[in-house]
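What follows is a short report on a single structure.
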Amino acid sequence: MITVETVPVNPPAATPPGDGAPVREGWQVSPLVPAIGVALLALLWLLSAFDGWAAAAFCSDRGLGGSCRAHVVAAVRPSVLPAAVATVLAVTALVASLRARSEAAVRAARMRLLVMSALCWVIALAVVFVAGQSAAS
């Protein structure tokens, strides 16, 4: 019987004596990625709320006419609050570097603000969908 033993090409580096803390090697996401996501969510909300996408989506199949569209447009109004909060968070993320202590602090603050902004945009879109669906039914 033949036994094959594998040897790692790059063995892990030994930790220095007395240093029990594990070394964390991670990767960083560019703030551009969530910023683009936030911008796309904002564009989707703007088109849904103000360009008639919501009314077209909820009223076209039913043929309910102007009354359905008026109800959907009125139902979009509650989504303005989370959209405004999302806008404030995104703008704050853009100017986060003005009051930061270090580059790492700026990066962490910017990412947190952009993620919170994206969540607010998702909430605003959910409000448009739920309110539009209930108005059209």
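The values are calculated or read from the model by the stated rules, or taken from the named source; none is laboratory data. The structure presented is a predicted model; accordingly, all values stated were derived computationally and were not measured. Note that each Cβ is placed from the backbone with ideal geometry, even for glycine, and that neighbours are counted across all protein chains shown.
Below are the figures for this structure:
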| quantity | calculated |
| --- | --- |
| Those residues of the stretch 84-131 which are closer than 20 Å to Ile36 by Cβ and of a type in the set (Gly, Ala, Ser), in sequence order | Ala86, Ala90, Ala93, Ala96, Ser97, Ala108, Ala109, Ser117, Ala118, Ala124 |
| Candidate set from the stretch 106-128 (those that are without any contact (Cβ under 8 Å) to a residue 60 or more places away in the chain and over 14 Å from Ser30 (Cα atoms)); member that is surrounded by the most Cβ atoms within 10 Å (Cβ to Cβ) | Cys120 |
| Only listed residue being modelled with pLDDT of 85 or more and among the small types (Gly, Ala, Ser), chosen from Ala55, Ala70, Ala83 | Ala83 |
| Hey, Ala136 touching a Cys at 6+ places or on another chain (Cβ under 8 Å) and modelled with pLDDT of 85 or more or not | no |
